[in-house]
Amino acid sequence: MRYSLGLLGLAALGAAASDVVDLTKDKFDGFVAENDLALIEFFAPWCGHCKALAPEYEEAATTLKEKQIALAKVDCTEQQDLCQEMGVEGYPTLKVFRGKDNVSPYGGQRKAESIVSFMTKQSMPAVSLIQSSEALEEFKTADKIVMVGFFAADDKSSNATFTEVAEDMRDGALFAATSDAALAKAEGVKQPAVVVYKSFDEGKNTFEEKFTKDGIEEFITKASIPLVGEVGPETYASYMAAGIPLAYIFAETEEERTSLGKALKPIAEKHKGAVNFATIDAKAFGQHGGNLNLEVGKWPAFAIQDVSKNQKFPYEKQGSEKDLSQKNIGKFVDEYLAGKIEPSIKSEPIPEKQDGPVTVVVAKNYQDVVMDDGKDVLLEFYAPWCGHCKALAPKYEELAGLYKNHADKVVVAKVDATANDIPDEIQGFPTIKLFKAGEKTEPVEYSGSRTVEDLANFIRDNGSHKIDGASEAKGAETMEGVETEGMPQQAPAATASGAAQKAASAVSEAAASAKTAIVDGEEGLEEHDEL
(Lines give C-alpha, C1' and ligand atoms only; values in the text may rest on other atoms or scores of the structure.)
Protein backbone atom coordinates (compact mmCIF):
# COMPACT_ATOMS: atom_id res chain seq x y z
CA MET A 1 0.00 0.00 0.00
CA ARG A 2 2.82 2.39 0.84
CA TYR A 3 4.38 1.66 -2.57
CA SER A 4 1.08 2.34 -4.33
CA LEU A 5 0.64 5.64 -2.53
CA GLY A 6 4.15 6.60 -3.56
CA LEU A 7 3.35 5.91 -7.20
CA LEU A 8 0.21 7.97 -6.92
CA GLY A 9 2.22 10.80 -5.47
CA LEU A 10 4.73 10.65 -8.32
CA ALA A 11 1.92 10.60 -10.86
CA ALA A 12 0.31 13.63 -9.27
CA LEU A 13 3.65 15.44 -9.21
CA GLY A 14 4.20 14.66 -12.90
CA ALA A 15 0.76 15.94 -13.82
CA ALA A 16 1.27 19.12 -11.81
CA ALA A 17 4.58 19.76 -13.52
CA SER A 18 3.08 19.86 -17.02
CA ASP A 19 3.88 23.00 -19.00
CA VAL A 20 0.90 22.43 -21.32
CA VAL A 21 -2.12 24.43 -20.17
CA ASP A 22 -5.48 22.60 -20.09
CA LEU A 23 -8.21 24.88 -21.42
CA THR A 24 -11.97 24.86 -21.09
CA LYS A 25 -14.49 27.15 -22.76
CA ASP A 26 -14.51 29.37 -19.65
CA LYS A 27 -10.72 29.76 -19.61
CA PHE A 28 -10.13 29.95 -23.37
CA ASP A 29 -10.69 33.64 -24.10
CA GLY A 30 -8.68 34.76 -21.09
CA PHE A 31 -5.73 32.54 -22.05
CA VAL A 32 -5.69 33.82 -25.64
CA ALA A 33 -5.93 37.44 -24.45
CA GLU A 34 -3.06 37.00 -21.96
CA ASN A 35 -0.64 35.47 -24.50
CA ASP A 36 0.52 37.44 -27.53
CA LEU A 37 1.50 34.16 -29.19
CA ALA A 38 0.25 30.66 -28.34
CA LEU A 39 -0.11 27.22 -29.89
CA ILE A 40 -3.28 25.30 -28.99
CA GLU A 41 -3.93 21.63 -29.68
CA PHE A 42 -7.51 20.41 -30.11
CA PHE A 43 -7.53 16.67 -29.41
CA ALA A 44 -9.53 13.58 -28.46
CA PRO A 45 -8.23 11.11 -25.83
CA TRP A 46 -8.91 8.10 -28.12
CA CYS A 47 -6.98 9.55 -31.08
CA GLY A 48 -3.80 7.61 -31.87
CA HIS A 49 -2.11 10.61 -33.48
CA CYS A 50 -2.88 12.66 -30.37
CA LYS A 51 -1.32 10.02 -28.11
CA ALA A 52 1.83 10.00 -30.24
CA LEU A 53 2.00 13.80 -30.15
CA ALA A 54 1.54 14.14 -26.37
CA PRO A 55 5.16 13.63 -25.19
CA GLU A 56 6.53 15.72 -28.07
CA TYR A 57 4.08 18.51 -27.29
CA GLU A 58 5.01 18.40 -23.61
CA GLU A 59 8.73 18.61 -24.40
CA ALA A 60 8.16 21.54 -26.74
CA ALA A 61 6.06 23.34 -24.12
CA THR A 62 8.88 23.11 -21.58
CA THR A 63 11.43 24.48 -24.07
CA LEU A 64 9.19 27.27 -25.33
CA LYS A 65 8.19 28.33 -21.82
CA GLU A 66 11.66 29.88 -21.51
CA LYS A 67 10.86 31.98 -24.58
CA GLN A 68 7.48 33.08 -23.21
CA ILE A 69 5.60 31.11 -25.85
CA ALA A 70 2.62 29.26 -24.38
CA LEU A 71 1.29 25.86 -25.42
CA ALA A 72 -2.19 24.66 -24.46
CA LYS A 73 -4.64 21.90 -25.30
CA VAL A 74 -8.41 21.42 -25.47
CA ASP A 75 -10.15 18.06 -25.00
CA CYS A 76 -12.83 18.14 -27.69
CA THR A 77 -14.78 15.26 -26.13
CA GLU A 78 -15.44 17.52 -23.15
CA GLN A 79 -15.42 20.94 -24.88
CA GLN A 80 -17.48 20.15 -27.97
CA ASP A 81 -18.99 23.62 -28.38
CA LEU A 82 -15.59 25.30 -28.20
CA CYS A 83 -14.04 22.94 -30.74
CA GLN A 84 -16.96 23.45 -33.10
CA GLU A 85 -16.58 27.20 -32.73
CA MET A 86 -12.88 26.88 -33.62
CA GLY A 87 -13.68 24.89 -36.77
CA VAL A 88 -12.06 21.63 -35.63
CA GLU A 89 -12.77 18.84 -38.12
CA GLY A 90 -10.17 16.21 -37.17
CA TYR A 91 -7.67 15.29 -34.49
CA PRO A 92 -5.23 16.57 -33.61
CA THR A 93 -5.80 20.09 -34.93
CA LEU A 94 -3.12 22.62 -33.96
CA LYS A 95 -3.69 26.35 -34.37
CA VAL A 96 -1.43 29.37 -33.81
CA PHE A 97 -3.16 32.22 -31.95
CA ARG A 98 -2.18 35.88 -31.93
CA GLY A 99 -5.38 36.94 -30.21
CA LYS A 100 -8.74 35.35 -30.98
CA ASP A 101 -9.13 37.18 -34.29
CA ASN A 102 -5.71 36.24 -35.68
CA VAL A 103 -5.63 32.46 -36.00
CA SER A 104 -3.62 30.36 -38.45
CA PRO A 105 -3.00 26.61 -38.85
CA TYR A 106 0.19 25.10 -37.46
CA GLY A 107 2.35 24.21 -40.45
CA GLY A 108 5.14 22.15 -38.91
CA GLN A 109 5.74 18.51 -38.07
CA ARG A 110 4.48 16.87 -34.87
CA LYS A 111 7.88 16.57 -33.19
CA ALA A 112 9.24 18.63 -30.31
CA GLU A 113 12.14 20.01 -32.33
CA SER A 114 9.83 21.04 -35.18
CA ILE A 115 7.28 22.63 -32.85
CA VAL A 116 10.00 24.65 -31.11
CA SER A 117 11.52 25.73 -34.43
CA PHE A 118 8.17 26.68 -35.94
CA MET A 119 6.93 28.67 -32.95
CA THR A 120 10.29 30.39 -32.51
CA LYS A 121 9.99 31.61 -36.10
CA GLN A 122 6.47 32.81 -35.37
CA SER A 123 7.75 34.88 -32.45
CA MET A 124 10.29 36.73 -34.57
CA PRO A 125 9.70 39.42 -37.21
CA ALA A 126 9.50 38.14 -40.78
CA VAL A 127 12.89 39.78 -41.43
CA SER A 128 15.38 40.51 -38.66
CA LEU A 129 17.82 43.38 -39.20
CA ILE A 130 21.53 42.66 -38.89
CA GLN A 131 23.91 45.55 -38.27
CA SER A 132 27.18 43.90 -37.21
CA SER A 133 29.42 40.97 -38.06
CA GLU A 134 28.81 39.54 -34.58
CA ALA A 135 25.05 39.60 -35.12
CA LEU A 136 25.50 37.94 -38.51
CA GLU A 137 27.62 35.13 -37.07
CA GLU A 138 25.07 34.54 -34.32
CA PHE A 139 22.19 34.47 -36.80
CA LYS A 140 23.96 31.94 -39.03
CA THR A 141 23.61 29.33 -36.28
CA ALA A 142 20.08 30.24 -35.16
CA ASP A 143 18.68 27.28 -37.10
CA LYS A 144 19.83 24.53 -39.45
CA ILE A 145 18.98 26.77 -42.39
CA VAL A 146 18.76 30.59 -42.37
CA MET A 147 18.38 33.18 -45.13
CA VAL A 148 20.18 36.55 -45.24
CA GLY A 149 19.48 39.28 -47.78
CA PHE A 150 22.25 41.67 -48.74
CA PHE A 151 21.09 44.86 -50.48
CA ALA A 152 21.67 48.60 -50.29
CA ALA A 153 19.53 50.72 -47.98
CA ASP A 154 18.11 52.67 -50.94
CA ASP A 155 17.32 49.52 -52.94
CA LYS A 156 13.60 49.56 -52.15
CA SER A 157 12.70 47.05 -54.84
CA SER A 158 15.02 44.30 -53.56
CA ASN A 159 13.99 45.06 -49.99
CA ALA A 160 10.28 44.73 -50.84
CA THR A 161 10.78 41.51 -52.81
CA PHE A 162 12.85 39.88 -50.07
CA THR A 163 10.31 40.91 -47.41
CA GLU A 164 7.51 39.40 -49.51
CA VAL A 165 9.44 36.13 -49.75
CA ALA A 166 10.08 36.14 -46.01
CA GLU A 167 6.40 36.71 -45.21
CA ASP A 168 5.49 33.86 -47.54
CA MET A 169 8.04 31.36 -46.20
CA ARG A 170 8.42 32.39 -42.57
CA ASP A 171 6.79 29.22 -41.26
CA GLY A 172 9.73 27.14 -42.44
CA ALA A 173 12.75 29.44 -42.31
CA LEU A 174 14.46 32.33 -40.52
CA PHE A 175 15.12 35.49 -42.54
CA ALA A 176 17.39 38.46 -41.89
CA ALA A 177 18.71 41.35 -43.95
CA THR A 178 21.54 43.86 -43.88
CA SER A 179 22.38 46.95 -45.90
CA ASP A 180 25.99 47.00 -44.66
CA ALA A 181 28.17 46.87 -47.78
CA ALA A 182 31.18 45.86 -45.68
CA LEU A 183 29.35 42.77 -44.43
CA ALA A 184 28.43 41.82 -47.99
CA LYS A 185 32.05 42.19 -49.08
CA ALA A 186 33.26 40.12 -46.13
CA GLU A 187 30.82 37.36 -47.13
CA GLY A 188 32.02 37.50 -50.73
CA VAL A 189 28.69 38.56 -52.21
CA LYS A 190 27.64 41.43 -54.44
CA GLN A 191 24.51 43.39 -53.56
CA PRO A 192 21.71 42.57 -54.11
CA ALA A 193 22.03 38.92 -53.08
CA VAL A 194 20.46 36.24 -50.91
CA VAL A 195 22.63 33.74 -49.04
CA VAL A 196 21.33 30.47 -47.61
CA TYR A 197 23.48 29.44 -44.65
CA LYS A 198 23.11 25.81 -43.63
CA SER A 199 24.69 23.32 -41.25
CA PHE A 200 25.28 20.66 -43.95
CA ASP A 201 26.94 20.11 -47.33
CA GLU A 202 28.88 23.15 -48.58
CA GLY A 203 27.59 25.40 -45.79
CA LYS A 204 26.05 28.11 -47.94
CA ASN A 205 24.55 28.91 -51.33
CA THR A 206 24.35 32.34 -52.93
CA PHE A 207 21.65 33.83 -55.16
CA GLU A 208 22.78 36.82 -57.23
CA GLU A 209 20.39 36.57 -60.17
CA LYS A 210 17.46 38.84 -60.99
CA PHE A 211 15.51 39.58 -57.81
CA THR A 212 12.07 38.03 -58.38
CA LYS A 213 9.84 36.46 -55.76
CA ASP A 214 9.46 33.18 -57.65
CA GLY A 215 13.17 32.98 -58.45
CA ILE A 216 14.25 33.51 -54.84
CA GLU A 217 11.67 31.07 -53.45
CA GLU A 218 12.72 28.36 -55.90
CA PHE A 219 16.38 28.95 -55.02
CA ILE A 220 15.71 28.75 -51.27
CA THR A 221 13.62 25.58 -51.61
CA LYS A 222 16.31 23.76 -53.59
CA ALA A 223 19.24 25.07 -51.52
CA SER A 224 17.56 23.94 -48.29
CA ILE A 225 17.65 20.26 -49.24
CA PRO A 226 20.84 18.25 -48.51
CA LEU A 227 22.73 16.61 -51.38
CA VAL A 228 21.90 13.24 -49.82
CA GLY A 229 19.36 13.65 -47.04
CA GLU A 230 16.95 11.18 -45.44
CA VAL A 231 13.28 10.70 -46.22
CA GLY A 232 10.98 10.37 -43.22
CA PRO A 233 7.83 11.90 -41.69
CA GLU A 234 9.78 15.07 -40.90
CA THR A 235 11.17 15.64 -44.39
CA TYR A 236 8.82 13.97 -46.87
CA ALA A 237 6.66 17.04 -47.55
CA SER A 238 9.68 19.25 -48.23
CA TYR A 239 11.01 16.78 -50.80
CA MET A 240 7.64 16.70 -52.52
CA ALA A 241 7.37 20.50 -52.38
CA ALA A 242 10.74 20.89 -54.11
CA GLY A 243 8.98 19.91 -57.31
CA ILE A 244 11.89 17.97 -58.82
CA PRO A 245 12.39 14.17 -59.07
CA LEU A 246 13.38 12.37 -55.88
CA ALA A 247 15.86 9.46 -55.94
CA TYR A 248 15.29 7.02 -53.06
CA ILE A 249 18.07 4.88 -51.60
CA PHE A 250 16.37 2.09 -49.61
CA ALA A 251 18.48 0.30 -46.98
CA GLU A 252 17.67 -1.47 -43.71
CA THR A 253 20.58 -0.36 -41.50
CA GLU A 254 21.95 3.05 -40.68
CA GLU A 255 25.44 1.86 -41.59
CA GLU A 256 24.30 0.74 -45.03
CA ARG A 257 22.39 3.98 -45.63
CA THR A 258 25.47 5.99 -44.66
CA SER A 259 27.70 3.90 -46.92
CA LEU A 260 25.39 4.13 -49.93
CA GLY A 261 24.77 7.83 -49.35
CA LYS A 262 28.49 8.50 -49.36
CA ALA A 263 29.03 6.37 -52.47
CA LEU A 264 26.25 8.09 -54.44
CA LYS A 265 26.94 11.63 -53.24
CA PRO A 266 29.04 12.50 -56.34
CA ILE A 267 26.02 11.65 -58.51
CA ALA A 268 23.78 13.83 -56.33
CA GLU A 269 26.28 16.67 -56.67
CA LYS A 270 26.46 16.23 -60.45
CA HIS A 271 22.69 16.47 -60.80
CA LYS A 272 21.98 19.01 -58.04
CA GLY A 273 18.89 21.00 -58.96
CA ALA A 274 17.68 18.30 -61.35
CA VAL A 275 17.25 15.33 -58.98
CA ASN A 276 17.17 15.18 -55.19
CA PHE A 277 18.79 12.17 -53.49
CA ALA A 278 17.79 10.75 -50.12
CA THR A 279 18.16 7.54 -48.13
CA ILE A 280 15.11 5.90 -46.56
CA ASP A 281 14.83 3.37 -43.74
CA ALA A 282 13.64 0.19 -45.46
CA LYS A 283 12.71 -1.43 -42.13
CA ALA A 284 10.39 1.40 -41.13
CA PHE A 285 9.12 2.48 -44.55
CA GLY A 286 9.82 -0.47 -46.80
CA GLN A 287 6.19 -0.65 -47.93
CA HIS A 288 6.70 2.71 -49.61
CA GLY A 289 9.03 0.86 -51.96
CA GLY A 290 5.96 -0.98 -53.20
CA ASN A 291 4.44 2.39 -54.15
CA LEU A 292 7.54 2.92 -56.29
CA ASN A 293 7.08 -0.51 -57.87
CA LEU A 294 10.10 -2.04 -56.16
CA GLU A 295 10.07 -5.58 -54.75
CA VAL A 296 9.35 -5.07 -51.06
CA GLY A 297 11.82 -6.86 -48.79
CA LYS A 298 14.62 -7.06 -51.32
CA TRP A 299 17.03 -4.41 -50.03
CA PRO A 300 18.99 -2.30 -50.72
CA ALA A 301 17.16 -0.79 -53.66
CA PHE A 302 16.98 2.40 -55.71
CA ALA A 303 14.13 4.22 -57.44
CA ILE A 304 13.35 7.65 -58.86
CA GLN A 305 9.97 9.31 -58.47
CA ASP A 306 8.90 12.18 -60.72
CA VAL A 307 6.82 13.99 -58.12
CA SER A 308 5.16 16.37 -60.59
CA LYS A 309 3.81 13.57 -62.80
CA ASN A 310 3.70 10.85 -60.13
CA GLN A 311 5.75 8.55 -62.35
CA LYS A 312 7.97 5.82 -60.89
CA PHE A 313 11.32 4.60 -62.24
CA PRO A 314 12.56 1.65 -60.15
CA TYR A 315 16.11 0.42 -60.76
CA GLU A 316 15.68 -3.20 -61.82
CA LYS A 317 18.61 -4.63 -59.85
CA GLN A 318 18.09 -4.73 -56.09
CA GLY A 319 19.15 -6.75 -53.07
CA SER A 320 22.90 -6.08 -53.08
CA GLU A 321 24.96 -3.02 -52.29
CA LYS A 322 27.12 -3.90 -55.31
CA ASP A 323 24.08 -3.43 -57.55
CA LEU A 324 23.82 0.15 -56.33
CA SER A 325 27.38 1.11 -57.23
CA GLN A 326 28.24 4.63 -58.28
CA LYS A 327 28.82 3.42 -61.85
CA ASN A 328 25.48 1.57 -62.14
CA ILE A 329 23.33 4.24 -60.52
CA GLY A 330 25.20 7.02 -62.33
CA LYS A 331 24.35 5.45 -65.69
CA PHE A 332 20.72 4.88 -64.64
CA VAL A 333 20.27 8.52 -63.58
CA ASP A 334 21.92 9.80 -66.77
CA GLU A 335 19.57 7.69 -68.90
CA TYR A 336 16.57 8.77 -66.85
CA LEU A 337 17.37 12.46 -67.34
CA ALA A 338 17.92 11.83 -71.05
CA GLY A 339 14.40 10.40 -71.29
CA LYS A 340 15.64 6.92 -72.22
CA ILE A 341 13.80 5.08 -69.43
CA GLU A 342 10.07 4.40 -69.54
CA PRO A 343 8.10 4.85 -66.31
CA SER A 344 6.93 1.74 -64.48
CA ILE A 345 3.15 1.48 -64.24
CA LYS A 346 1.52 -0.56 -61.47
CA SER A 347 -1.84 -1.96 -62.47
CA GLU A 348 -4.30 -4.64 -61.53
CA PRO A 349 -5.38 -6.85 -64.45
CA ILE A 350 -8.08 -5.43 -66.71
CA PRO A 351 -11.32 -7.17 -65.70
CA GLU A 352 -12.34 -9.80 -68.25
CA LYS A 353 -15.91 -8.54 -67.85
CA GLN A 354 -17.67 -5.88 -65.80
CA ASP A 355 -20.01 -7.87 -63.55
CA GLY A 356 -21.63 -5.13 -61.45
CA PRO A 357 -23.19 -1.77 -62.24
CA VAL A 358 -20.02 0.05 -61.13
CA THR A 359 -17.31 -0.06 -63.79
CA VAL A 360 -13.95 -1.22 -62.40
CA VAL A 361 -11.04 0.93 -63.55
CA VAL A 362 -7.38 -0.08 -63.36
CA ALA A 363 -4.27 1.70 -64.60
CA LYS A 364 -4.23 -0.28 -67.85
CA ASN A 365 -7.77 0.72 -68.87
CA TYR A 366 -7.81 4.18 -67.28
CA GLN A 367 -7.39 6.03 -70.57
CA ASP A 368 -10.02 3.93 -72.34
CA VAL A 369 -12.67 4.29 -69.64
CA VAL A 370 -12.10 7.56 -67.78
CA MET A 371 -10.82 9.61 -70.68
CA ASP A 372 -13.53 8.50 -73.12
CA ASP A 373 -14.37 11.94 -74.46
CA GLY A 374 -17.96 11.06 -75.30
CA LYS A 375 -19.04 10.10 -71.78
CA ASP A 376 -19.49 11.74 -68.39
CA VAL A 377 -17.48 9.52 -66.02
CA LEU A 378 -17.93 9.69 -62.25
CA LEU A 379 -14.88 8.05 -60.70
CA GLU A 380 -14.40 7.06 -57.05
CA PHE A 381 -10.80 6.74 -55.87
CA TYR A 382 -10.87 4.35 -52.91
CA ALA A 383 -8.64 2.28 -50.63
CA PRO A 384 -9.59 -1.24 -49.50
CA TRP A 385 -8.93 -0.38 -45.84
CA CYS A 386 -10.98 2.85 -45.89
CA GLY A 387 -14.06 2.63 -43.63
CA HIS A 388 -15.86 5.50 -45.34
CA CYS A 389 -15.33 3.80 -48.72
CA LYS A 390 -16.91 0.62 -47.38
CA ALA A 391 -19.87 2.60 -46.05
CA LEU A 392 -20.32 4.31 -49.42
CA ALA A 393 -20.13 1.09 -51.50
CA PRO A 394 -23.81 0.01 -51.47
CA LYS A 395 -24.98 3.56 -52.23
CA TYR A 396 -22.47 3.85 -55.05
CA GLU A 397 -23.73 0.56 -56.53
CA GLU A 398 -27.29 1.89 -56.33
CA LEU A 399 -26.22 5.13 -58.01
CA ALA A 400 -24.56 3.25 -60.87
CA GLY A 401 -27.74 1.25 -61.41
CA LEU A 402 -29.66 4.44 -62.20
CA TYR A 403 -27.68 4.90 -65.41
CA LYS A 404 -28.01 1.41 -66.94
CA ASN A 405 -30.21 2.92 -69.68
CA HIS A 406 -27.72 5.74 -70.27
CA ALA A 407 -24.52 3.70 -70.49
CA ASP A 408 -23.59 5.43 -73.74
CA LYS A 409 -23.49 8.80 -71.95
CA VAL A 410 -22.77 8.23 -68.22
CA VAL A 411 -20.37 5.83 -66.50
CA VAL A 412 -20.12 5.37 -62.72
CA ALA A 413 -16.72 3.85 -61.97
CA LYS A 414 -14.22 3.14 -59.19
CA VAL A 415 -10.46 2.56 -58.93
CA ASP A 416 -8.36 1.14 -56.11
CA ALA A 417 -5.87 3.98 -55.84
CA THR A 418 -3.54 1.87 -53.70
CA ALA A 419 -3.12 -0.85 -56.35
CA ASN A 420 -3.01 1.24 -59.51
CA ASP A 421 -0.84 4.12 -60.67
CA ILE A 422 -3.16 7.00 -61.50
CA PRO A 423 -2.38 10.51 -62.77
CA ASP A 424 -4.90 12.37 -60.63
CA GLU A 425 -4.50 14.43 -57.46
CA ILE A 426 -5.87 12.55 -54.46
CA GLN A 427 -6.00 14.06 -50.97
CA GLY A 428 -7.84 11.29 -49.16
CA PHE A 429 -10.30 8.43 -49.49
CA PRO A 430 -12.85 8.30 -50.87
CA THR A 431 -12.28 11.02 -53.46
CA ILE A 432 -14.97 11.33 -56.13
CA LYS A 433 -14.44 13.24 -59.39
CA LEU A 434 -16.54 13.83 -62.48
CA PHE A 435 -14.67 13.69 -65.78
CA LYS A 436 -17.19 15.36 -68.05
CA ALA A 437 -17.47 14.63 -71.75
CA GLY A 438 -15.43 17.03 -73.85
CA GLU A 439 -13.54 18.47 -70.84
CA LYS A 440 -11.46 15.63 -69.44
CA THR A 441 -8.47 17.74 -68.39
CA GLU A 442 -10.39 19.57 -65.64
CA PRO A 443 -12.38 17.07 -63.56
CA VAL A 444 -14.84 18.41 -61.00
CA GLU A 445 -14.35 17.06 -57.46
CA TYR A 446 -17.45 16.14 -55.46
CA SER A 447 -17.71 17.59 -51.95
CA GLY A 448 -21.37 17.12 -51.05
CA SER A 449 -23.26 14.59 -48.96
CA ARG A 450 -22.70 10.98 -49.95
CA THR A 451 -26.33 10.20 -50.81
CA VAL A 452 -27.59 8.62 -53.99
CA GLU A 453 -29.79 11.61 -54.79
CA ASP A 454 -27.07 14.21 -54.20
CA LEU A 455 -24.54 12.28 -56.29
CA ALA A 456 -27.07 11.93 -59.09
CA ASN A 457 -27.81 15.66 -58.96
CA PHE A 458 -24.07 16.32 -59.12
CA ILE A 459 -23.81 14.29 -62.34
CA ARG A 460 -26.82 16.12 -63.80
CA ASP A 461 -25.64 19.60 -62.86
CA ASN A 462 -21.98 19.18 -63.81
CA GLY A 463 -22.00 16.62 -66.60
CA SER A 464 -21.99 17.58 -70.27
CA HIS A 465 -24.99 15.36 -71.09
CA LYS A 466 -27.16 16.67 -68.21
CA ILE A 467 -28.64 13.21 -67.60
CA ASP A 468 -31.19 13.45 -64.77
CA GLY A 469 -30.88 10.35 -62.61
CA ALA A 470 -31.99 12.21 -59.48
CA SER A 471 -35.67 11.50 -60.02
CA GLU A 472 -34.91 7.77 -59.87
CA ALA A 473 -33.04 8.29 -56.59
CA LYS A 474 -36.08 9.67 -54.77
CA GLY A 475 -36.65 7.79 -51.59
CA ALA A 476 -33.14 6.33 -51.55
CA GLU A 477 -31.66 6.01 -48.10
CA THR A 478 -29.10 8.63 -47.16
CA MET A 479 -25.70 8.01 -45.63
CA GLU A 480 -26.92 9.55 -42.39
CA GLY A 481 -28.02 6.15 -41.17
CA VAL A 482 -24.60 4.59 -41.66
CA GLU A 483 -22.54 4.26 -38.49
CA THR A 484 -19.23 6.07 -38.98
CA GLU A 485 -18.30 6.70 -35.38
CA GLY A 486 -14.77 5.59 -34.67
CA MET A 487 -13.65 5.83 -38.27
CA PRO A 488 -10.21 7.42 -38.39
CA GLN A 489 -10.01 11.13 -38.96
CA GLN A 490 -6.98 13.32 -39.25
CA ALA A 491 -6.62 17.07 -39.44
CA PRO A 492 -5.98 18.28 -43.00
CA ALA A 493 -2.44 19.30 -43.82
CA ALA A 494 -1.60 22.98 -43.51
CA THR A 495 -1.84 24.87 -46.80
CA ALA A 496 1.52 25.14 -48.54
CA SER A 497 2.78 28.61 -49.39
CA GLY A 498 5.21 30.19 -51.78
CA ALA A 499 7.28 27.83 -53.83
CA ALA A 500 5.86 24.87 -51.93
CA GLN A 501 2.36 25.71 -53.17
CA LYS A 502 3.47 25.06 -56.74
CA ALA A 503 4.00 21.42 -55.86
CA ALA A 504 0.84 21.01 -53.78
CA SER A 505 -0.71 18.53 -56.18
CA ALA A 506 2.43 16.38 -56.02
CA VAL A 507 2.40 16.46 -52.24
CA SER A 508 -1.23 15.43 -52.10
CA GLU A 509 -0.78 12.60 -54.57
CA ALA A 510 2.35 11.31 -52.87
CA ALA A 511 0.77 11.50 -49.42
CA ALA A 512 -2.10 9.30 -50.55
CA SER A 513 0.38 6.73 -51.83
CA ALA A 514 2.53 6.93 -48.71
CA LYS A 515 -0.48 6.26 -46.49
CA THR A 516 -0.88 2.79 -47.96
CA ALA A 517 2.80 2.05 -47.39
CA ILE A 518 2.69 2.35 -43.62
CA VAL A 519 -0.90 1.58 -42.66
CA ASP A 520 -1.88 -2.04 -42.35
CA GLY A 521 -5.63 -2.23 -42.15
CA GLU A 522 -8.35 0.22 -41.21
CA GLU A 523 -7.95 -0.21 -37.46
CA GLY A 524 -4.30 0.79 -37.56
CA LEU A 525 -4.83 4.06 -39.37
CA GLU A 526 -5.17 6.33 -36.38
CA GLU A 527 -2.08 4.79 -34.80
CA HIS A 528 0.27 5.73 -37.63
CA ASP A 529 1.67 8.84 -39.26
CA GLU A 530 2.09 9.07 -42.99
CA LEU A 531 5.37 9.92 -44.64
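The values are calculated or read from the model by the stated rules, or taken from the named source; none is laboratory data. Worth saying up front: this structure is predicted, and the values here are computed from it rather than measured. Ideal geometry is used to build each Cβ from the backbone, glycine not excepted, and the neighbour counts take in all protein chains shown. These accessible areas exclude ligands, DNA and RNA; they are computed on the full protein's heavy atoms, side chains included. Shrake-Rupley method; radii C 1.70, N 1.55, O 1.52, S 1.80 Å.
Descriptive notes on the structure:
- Residue list for region 431-463, restricted to those being of a type outside the set (Phe, Trp, Tyr), open to solvent by less than 30 Å² (accessible area, probe 1.4 Å) and either in contact with a Leu (Cβ under 7 Å, 6 or more places away or on another chain) or over 21 Å from ALA393 (Cα atoms) (or both): ILE432, LYS433, LEU434, ALA437, LYS440, VAL452, LEU455, ALA456, ILE459, GLY463
- Given (1) open to solvent by 10 Å² or more (accessible area, probe 1.4 Å); (2) under 24 Å from GLY428 (Cα atoms); (3) not in a helix (DSSP H, G or I), index of the condition ASP373 fails: (2)
Residues are listed down the side, and each one gets a yes or a no for (1) in a strand (DSSP E or B); (2) crowded, with 17+ Cβ neighbours inside 10 Å:
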site	(1), (2)
SER158	no, yes
GLU167	no, no
GLY172	no, yes
ALA177	yes, yes
GLU202	no, no
GLU209	no, no
PRO226	no, yes
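- In region 37-50, the residues that are in contact with a strand residue (DSSP E or B) (Cβ under 9 Å, 6 or more places away or on another chain) and open to solvent by 60 Å² or more (accessible area, probe 1.4 Å): PRO45
- Contacts under 6 angstrom Cβ, first residue in region 89-103 being in contact (Cβ under 8 Å) with a residue 24 or more places away in the chain and closer than 26 Å to GLY48 by Cβ, partner among the aromatic types (Phe, Trp, Tyr) and in a strand (DSSP E or B), 6 or more apart: TYR91/PHE43; PRO92/PHE43; THR93/PHE42
- Residue satisfying condition, being open to solvent by less than 40 Å² (accessible area, probe 1.4 Å), among the basic types (Lys, Arg) and touching a residue at least 40 places away in the same chain (Cβ under 8 Å), within set LYS312, LYS346: LYS312
- Taking the conditions (1) open to solvent by less than 20 Å² (accessible area, probe 1.4 Å); (2) more than 26 Å from ILE244 (Cβ to Cβ); (3) part of a loop (DSSP other than H, G, I, E, B) in turn, LEU324 satisfies each one other than (2).
- Within region 51-68, restricting attention to residues that are open to solvent by 10 Å² or more (accessible area, probe 1.4 Å) and among the hydrophobic types (A, V, I, L, M, F, W, C), the residue that is modelled with the lowest pLDDT is ALA52.
- Selected residue (only one of ALA417, ALA413, ALA393 is surrounded by fewer than 20 Cβ atoms within 10 Å (Cβ to Cβ) and small (Gly, Ala, Ser)): ALA393
- Hits in region 182-200 (condition: surrounded by 18 or more Cβ atoms within 10 Å (Cβ to Cβ) and assigned to a helix (DSSP H, G or I)): LEU183, ALA184
- Among the conditions (1) modelled with pLDDT of 95 or more; (2) open to solvent by less than 10 Å² (accessible area, probe 1.4 Å), GLU256 misses just one, which is (2).
The rows are residues; the columns are (1) modelled with pLDDT under 95; (2) closer than 14 Å to LEU455 by Cβ.
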site: GLU352; (1), (2): yes, no
site: ASP355; (1), (2): yes, no
site: VAL360; (1), (2): no, no
site: ALA383; (1), (2): yes, no
site: ALA400; (1), (2): no, yes
site: LYS404; (1), (2): yes, no
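- The listed residues are TYR366, TYR336, TYR396, and the only one of them that is within 19 Å of PHE458 (Cα to Cα), touching a residue at least 24 places away in the same chain (Cβ under 8 Å) and aromatic (Phe, Trp, Tyr) turns out to be TYR396.
- On inspection, GLY374 passes the criterion of being of a type in the set (Gly, Ala, Ser), over 26 Å from the mean Cα position of the chain (by Cα) and modelled with pLDDT of 95 or more.
- The set of residues in region 396-409 being open to solvent by 10 Å² or more (accessible area, probe 1.4 Å) and in contact with a Gly (Cβ under 7 Å, 6 or more places away or on another chain) consists of GLU397, LEU402.
- Scanning region 192-222 for residues that are basic (Lys, Arg) and either on the phi > 0 side of the Ramachandran plot or over 24 Å from the mean Cα position of the chain (by Cα) (or both) returns LYS204, LYS210.
- Residue satisfying all of: in region 211-223; crowded, with 17+ Cβ neighbours inside 10 Å and not charged (D, E, K, R); nearest to ASP155 (Cα to Cα) among these: PHE211
- Filtering region 464-474 to residues that are open to solvent by less than 70 Å² (accessible area, probe 1.4 Å) and outside any helix (DSSP H, G or I) leaves SER464, HIS465, ILE467, GLY469.
- Residue in region 269-287 that is under 19 Å from the mean Cα position of the chain (by Cα) and more than 27 Å from PHE200 (Cα to Cα) present: yes
- Residues located in region 231-253, provided they are touching a helix residue (DSSP H, G or I) at 6+ places or on another chain (Cβ under 7 Å), under 22 Å from GLU295 (Cα atoms) and open to solvent by 40 Å² or more (accessible area, probe 1.4 Å): GLU252
- Take the conditions (1) more than 25 Å from LYS346 (Cβ to Cβ); (2) part of a loop (DSSP other than H, G, I, E, B); (3) open to solvent by 50 Å² or more (accessible area, probe 1.4 Å); PRO384 misses just one of them, which is (1).
- Answer residue from region 280-309, given it is within 20 Å of SER238 (Cβ to Cβ) and assigned to a loop (DSSP other than H, G, I, E, B) and is most open to solvent (accessible area, probe 1.4 Å) among those: LYS309
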